[in-house]
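Q: Once you've had a glance at the structure underneath, I'll fire off some questions.
The values are calculated or read from the model by the stated rules, or taken from the named source; none is laboratory data. Computed from a prediction, not measured in an experiment: that's the story for all the values here. Glycine gets a Cβ as well: all are built from the backbone with ideal geometry, and neighbour counts include every protein chain shown.
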Amino acid sequence: MDNSREPGIITESILLVDVDFKRHPVFPKNVHTEIELSYHGSCVSEEHAQGTLNVNARGISKGDSTEVEVFTATLSFVGVFRKDMNNPNMELSAFINNHAPAHMFPYVREFITSLSYRSGMPPIILPPVNMAALLQINMEADLTDSSTIAEVRKQES
């Protein structure tokens, strides 16, 4: 593989396939966001693969002695990828298990930012996530499926 070349993978689509969002009627000045991610990728054929990125997020507004849940969101995005047969460079299984979640996460970030803004909250901007490090942690933890990640991230908006 020539690392200086593009991977030779084509993104056919990144689809929002499921969303459950609940906004609680409070007007927070700040929101602490907790997010949990899970990912599973698989090759459907020699030329096609798909990955599912699941997100559970929750926003909490903390006062002096109170804590109020501002929102909860559960999302699932599916990425559909195929090998570029005219420009092959990377194995499809390597892409789907190592690079696809990082490729899909900006769509999650944009969706949560837009959804929070449209629901009358300050826009929630999720921080970047080091997907490679999370996948490595799982491999070191000797999980049976190295393409599954789970991490809780917190951010104040």
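Q: So, in segment 33-60, of the ones that are under 16 Å from LEU126 (Cα atoms) and not aliphatic (A, V, I, L, M), which residue ends up surrounded by the most Cβ atoms within 10 Å (Cβ to Cβ)?
A: Result: GLY59.
Q: When segment 63-82 is examined, which residues are found to be of a type outside the set (Ser, Thr, Tyr) and within 21 Å of TYR107 (Cα to Cα)?
A: PHE71, ALA73, LEU75, PHE77, VAL78, GLY79, VAL80, PHE81, ARG82, listed by residue number.
Q: Take segment 1-32 and flag every residue that is at pLDDT 90 or above, exposed (fewer than 12 other Cβ atoms within 10 Å of the Cβ) and closer than 21 Å to ASN56 by Cα.
A: VAL17, ASP20
Q: Turning to a different aspect of this structure: Which residues, taken from segment 79-93, are part of a strand (DSSP E or B), in contact with a Gly (Cβ under 7 Å, 6 or more places away or on another chain) and not basic (Lys, Arg)?
A: The answer is GLY79, and nothing else.
Q: Follow-up. For segment 108-128, enumerate the residues that are part of a helix (DSSP H, G or I) and either within 11 Å of the chain's Cα centre (by Cα) or loosely packed, with under 15 Cβ neighbours inside 10 Å (or both).
A: Selection gives VAL108, ARG109, GLU110, PHE111, ILE112, SER114, TYR117, ARG118.
Q: Which residue is modelled with the lowest pLDDT, if the candidates are limited to segment 79-96 and must be crowded, with 19+ Cβ neighbours inside 10 Å and either under 15 Å from ASN54 (Cα atoms) or among the hydrophobic types (A, V, I, L, M, F, W, C) (or both)?
A: Residue satisfying both the conditions and the ranking: MET90.
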